[in-house]
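Q: This structure is in structure tokens; I'll ask about it shortly.
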Amino acid sequence: MAALTLDGVSKRYGDFQAVKDLSFQVRKGAICGFLGPNGAGKTSTIRMILGLQSASAGTIDILGASDGRKVRDRIGFLPEERGLYKKMTPVEAIAFFGSLKGVPTGEGKRRAREMLIAQGLGASQKKKMKELSKGMAQKVQLIASVVHRPEFVILDEPFSGLDPVNQQGLEEVIRGLAADGATVLFSTHVMQHAERLCDQVVLMARGRKAFDGTVAEARATSRRFLELEGEITAEAVAALPGVTGVEVVSDNGGVRVLKGALASGAGGQEALKTAFVSGLDVRRFELKEPTLHDAFIDLTGDHPDEDQSVARPTTHAEAGQ
């Protein structure tokens, strides 16, 4: 059964169309990565799902409701722009946000202490929020967004600004939410997180859906590639049989790392043989499977870390979000 369904959803701000004819479903209990560069339409879509702004066209169904506001107590939301009351303690902040979703204050504090300890923040329970590091504060805000035990969790760029250790911790939290039965939709432009976490990925580019499926299915749309290192030129690598689209990954004083896609059906053996017969200075020759990042570039022609937004005036609809 689907926890979320979007059918032909579009969003327009004056002459600018942020989302164009978007349709996809997320099944109950799944972790879905909503992926794409800044400006691809992810945040506008999330706001429509939550009912913070209306769609210009199309329909949305979340947990059986046409408007996220009707089921708000069953949804947890971590916005991209974060902030907690700096003079509160983590326990107080979490309990306060829980009370807004119907959790009694006493129960909210009990859950807060339990969840803080589980996230390694037990020693920080009585500190003020302003005393916590950015990673700690972000963990507290995530806990605050799920303390009411929501059925559907929406996380907008949850990994932004976190160091690798805290990113790994957040990945564990997301897995835990799904293990407890929640459906999770998180937006990001960092493909590696989605590769490790997601049952489903929806790739967005310039307001449109470029792909919807599993990570494996996304990778299957891209070709395997060769990575070579040595005192070699892009022209020499491009001349190898079955190799196309050669690009220089790095150049360290003439010792270059280059990559090129393999033509369909090519295994790389002929390219390797030709490289040695030609006397190319190849110090490393590696056949690699495509990543989700590679698939995104092939599917959209864009890099996921590019900014696709355009300058436009703020509308009244956005100002009220």
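The values are calculated or read from the model by the stated rules, or taken from the named source; none is laboratory data. From a predicted model like this one, the values you see are computed outputs, not experimental measurements. Ideal geometry is used to build each Cβ from the backbone, glycine not excepted, and the neighbour counts take in all protein chains shown.
Q: Testing Gly135 on (1) modelled with pLDDT under 90; (2) within 24 Å of Lys28 (Cα to Cα); (3) out of contact with any strand residue (DSSP E or B) (no Cβ under 7 Å at 6 or more places or on another chain), one condition comes back false. Which one is that?
A: (2)
Q: Follow-up question, since we're still on this one. Of (1) more than 16 Å from the chain's Cα centre (by Cα); (2) among the β-branched types (Val, Ile, Thr); (3) assigned by TED's automatic domain parsing to the domain that holds Ser23, Val255 satisfies all except one. Which?
A: Among (1) more than 16 Å from the chain's Cα centre (by Cα); (2) among the β-branched types (Val, Ile, Thr); (3) assigned by TED's automatic domain parsing to the domain that holds Ser23, the lone unmet condition for Val255 is (3).
Q: While we're here: Quick check on Gly64: is it free of Cβ contacts under 8 Å to residues at least 40 places away in the same chain, surrounded by fewer than 17 Cβ atoms within 10 Å (Cβ to Cβ) and not hydrophobic (A, V, I, L, M, F, W, C)? So that I can check it myself, show each step before the final result.
A: Numbers: free of Cβ contacts under 8 Å to residues at least 40 places away in the same chain: yes; surrounded by fewer than 17 Cβ atoms within 10 Å (Cβ to Cβ): yes; not hydrophobic (A, V, I, L, M, F, W, C): yes.
Yes: the conditions hold for Gly64.
Q: Out of the range 67-102, which residues are acidic (Asp, Glu) and in contact (Cβ under 8 Å) with a residue 40 or more places away in the chain? Show your work before the answer.
A: In the first step, residues of the range 67-102 are kept if they are acidic (Asp, Glu); the result is 67, 73, 80-81, 92.
Selection gives Asp73, Glu80.
Q: Give me the pairs: first residue in the range 216-236 and farther than 16 Å from Asp298 by Cβ, second residue part of a helix (DSSP H, G or I) and modelled with pLDDT of 90 or more, beta-carbon distance under 7 Å, and six or more apart or on different chains, which are they?
A: Leu228/Val237
Q: Of the conditions (1) in a loop (DSSP other than H, G, I, E, B); (2) crowded, with 18+ Cβ neighbours inside 10 Å, Glu80 satisfies every one except a single condition; which number is it?
A: (2)
Q: So, one more: Among the numbered criteria (1) buried (at least 16 other Cβ atoms within 10 Å of the Cβ); (2) outside any loop (DSSP other than H, G, I, E, B); (3) modelled with pLDDT of 90 or more, which single criterion is violated by Leu280?
A: Going through (1) buried (at least 16 other Cβ atoms within 10 Å of the Cβ); (2) outside any loop (DSSP other than H, G, I, E, B); (3) modelled with pLDDT of 90 or more one by one, Leu280 breaks only (2).
Q: Restricting to helices (runs of 4 or more DSSP H) lying wholly in the range 86-184: which have 2 or more residues that are aliphatic (A, V, I, L, M), in the same structural domain as Ser44 (by TED's automatic domain parsing) and more than 20 Å from the chain's Cα centre (by Cα)? Don't jump to the end; show me each part of the working.
A: On the way: elements: 90-100, 105-118, 134-146, 164-179.
Where helices (runs of 4 or more DSSP H) fall fully within the range 86-184 and carry at least 2 residues being aliphatic (A, V, I, L, M), in the same structural domain as Ser44 (by TED's automatic domain parsing) and more than 20 Å from the chain's Cα centre (by Cα), they are 90-100, 105-118, 134-146.
Q: Out of the residues in the range 212-227 that are modelled with pLDDT of 95 or more and part of a strand (DSSP E or B), state the one that is surrounded by the most Cβ atoms within 10 Å (Cβ to Cβ).
A: Only one residue tops the list, namely Asp212.
Q: Right, here's the next one. Sort through Gly242, Gly268 and tell me the only one that's at positive phi and out of contact with any Asp or Glu (no Cβ under 8 Å at 6 or more places or on another chain). Step through it out loud before you land on a result.
A: On the way: Gly242 fails: out of contact with any Asp or Glu (no Cβ under 8 Å at 6 or more places or on another chain).
From the options Gly242, Gly268, the qualifying one is Gly268.
Q: Can you pull out the residues in the range 4-28 that are surrounded by fewer than 22 Cβ atoms within 10 Å (Cβ to Cβ) and more than 15 Å from Val202 (Cα to Cα)?
A: Ser10, Arg12, Tyr13, Gly14, Asp15, Phe16, Gln17, Lys28, listed by residue number.
Q: Evaluate the following for Asp163: is it within 18 Å of Thr43 (Cβ to Cβ), of a type outside the set (Gly, Ala, Ser) and out of contact with any His (no Cβ under 9 Å at 6 or more places or on another chain)?
A: So Asp163 fails the test.
Q: Separate question: Would you tally the residues in the range 138-174 being buried (at least 23 other Cβ atoms within 10 Å of the Cβ) and among the basic types (Lys, Arg)?
A: Within the range 138-174, residues that are buried (at least 23 other Cβ atoms within 10 Å of the Cβ) and among the basic types (Lys, Arg) number 1.
Q: Does Leu52 satisfy the condition of being under 12 Å from Ile154 (Cβ atoms) and either touching a Lys or Arg at 6+ places or on another chain (Cβ under 9 Å) or surrounded by 23 or more Cβ atoms within 10 Å (Cβ to Cβ) (or both)?
A: So Leu52 fits the description; yes.
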